[in-house]
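Scroll down for the structure; my scribbles are underneath it.
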Ligand code: TYM
């Protein structure tokens, strides 16, 4: 094991703060359901590609999260591979960060149980995503307990920062609460993580329904969702059809004019200027849409070229994921062991020495 990212066992007398400030480490993930979107790039993945050169980072394709709702077992493995390939295509570099598939690291499930035994039923039921999705008739129990799995993902690696979009903020805050509660009851065990959100586009909206999040799980042909692998002509068509309003002047007003604000947020995410300043530069929605299209097509082109290269070289992805899972497991195992010990479980006895 390299020890590069190892949080190490908690030392006696260490407080939450000394644990938290010991080392900067980033963990984040994405669930392989649907197809990755521009929302995923702007809310999370784009920042991951920068953070990997600043500090220790682990990123996971969290396949176990993708099965918390109905899934197609014939598709899951292919989607998981597609997601990993897209993350590398978007710029994650396995030489500087750790990329792995969650299901390849069994420690996630081990710690999830302890998190389920730390969380309260009421706090899980209050999660917005659960309340929204649980309106359907019957949902899997795993949809309710999913934030416990997510907390385990984060706490296993001693993550100090979790870069996500706005929709995941509540789950990271729960992970924080569970870490504090566990540490308080059973002794210092976990680093307490912080959520980090992007400067703009923390919640990129659907281009057709700008009051709704752009979601990767929408049907493949949804016109309001830009996918990272959409060809330029598809991007052009989707942006051209984006809902705006009947006013003429371009103004940034997310409450009253969410469609236009969403396009301005999108453009702002690709440059240094804020959405208000950008609004002043445009005399018409047509001009704004044309610049949005160019910015998106320019951002997606290198990702798509690299994606094609990687698909032609599956060994690259396989090797990176195998190395990533090994490294992640090396880091996670001592943290899980510490948590189980502090929780009161009997450690596995060492085998008796064999008679000489
Ligand atoms: P997932 O796969 O839905 O999304 C991956 C990341 O993309 C962000 N995101 C968005 N950001 C801005 N605008 C949008 N429209 C948009 N849609 C998605 C998400 O906030 C997320 O950061 N449960 C998580 C995956 C996960 C995870 C973790 C994340 C599992 N364990 C531990 C962080 C840490 C999820 O389903 O994300």
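Assorted remarks:
- Here the stretch 156-168 is the region considered, the condition is being more than 6 Å from the ligand (Cβ to nearest atom) and surrounded by fewer than 22 Cβ atoms within 10 Å (Cβ to Cβ), and the residue that is nearest to residue 49 (Cα to Cα) is 161.
- Some residue of the stretch 116-133 being more than 10 Å from the ligand (Cβ to nearest atom), over 20 Å from residue 69 (Cβ atoms) and crowded, with 22+ Cβ neighbours inside 10 Å: no
- Screening residue 82 against (1) over 23 Å from residue 171 (Cα atoms); (2) at pLDDT below 95; (3) out of contact with any helix residue (DSSP H, G or I) (no Cβ under 7 Å at 6 or more places or on another chain); (4) within 16 Å of the ligand (Cβ to nearest atom) leaves a single unmet condition, (2).
- Residues satisfying the stated conditions in the stretch 175-207, i.e. part of a helix (DSSP H, G or I) and within 11 Å of the ligand (Cβ to nearest atom): 175
- Residue match in the stretch 136-155 (condition: part of a loop (DSSP other than H, G, I, E, B), within 15 Å of the ligand (Cβ to nearest atom) and closer than 25 Å to residue 329 by Cα): no
- Test: residue in the stretch 89-103 that is out of contact with any strand residue (DSSP E or B) (no Cβ under 8 Å at 6 or more places or on another chain), closer than 26 Å to residue 183 by Cβ and surrounded by 14 or more Cβ atoms within 10 Å (Cβ to Cβ): no
- Residues that are within 17 Å of residue 112 (Cβ to Cβ) and touching a helix residue (DSSP H, G or I) at 6+ places or on another chain (Cβ under 8 Å) within the stretch 329-346 comprise 329, 332, 333, 335, 336, 339, 340, 342, 343, listed in sequence order.
- Summed over the stretch 27-46, the residues that are in a helix (DSSP H, G or I) and near the ligand (Cβ under 9 Å from one of its atoms) give a count of 8.
- Selection from the stretch 268-284 of residues that are assigned to a helix (DSSP H, G or I) and either in contact (Cβ under 8 Å) with a residue 60 or more places away in the chain or within 19 Å of residue 45 (Cα to Cα) (or both): 268, 269, 275
Table: residues versus (1) under 21 Å from residue 242 (Cα atoms); (2) assigned to a loop (DSSP other than H, G, I, E, B).
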position: 266; (1), (2): yes, no
position: 286; (1), (2): yes, no
position: 296; (1), (2): yes, no
position: 310; (1), (2): no, no
position: 329; (1), (2): no, no
position: 350; (1), (2): no, yes
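- Single residue of 279, 325, 242, 261 found to be farther than 24 Å from residue 211 by Cα, surrounded by 15 or more Cβ atoms within 10 Å (Cβ to Cβ) and at pLDDT 95 or above: 325
- Residue within the stretch 200-216 that is under 30 Å from residue 308 (Cα atoms), free of Cβ contacts under 8 Å to residues at least 24 places away in the same chain, crowded, with 21+ Cβ neighbours inside 10 Å and touching a strand residue (DSSP E or B) at 6+ places or on another chain (Cβ under 9 Å) present: yes
- Looking only at the stretch 49-70, and only at residues there that are part of a loop (DSSP other than H, G, I, E, B) and closer than 19 Å to residue 85 by Cα, the one that is nearest to the ligand (Cβ to nearest atom): 62
- Verdict on residue 217 being modelled with pLDDT of 95 or more and within 12 Å of the ligand (Cβ to nearest atom): no
The values are calculated or read from the model by the stated rules, or taken from the named source; none is laboratory data. These numbers were taken from a predicted model, which means no experiment stands behind them. Neighbour counts are summed over all protein chains in view; Cβ atoms, including those assigned to glycine, are modelled from backbone coordinates with ideal geometry.
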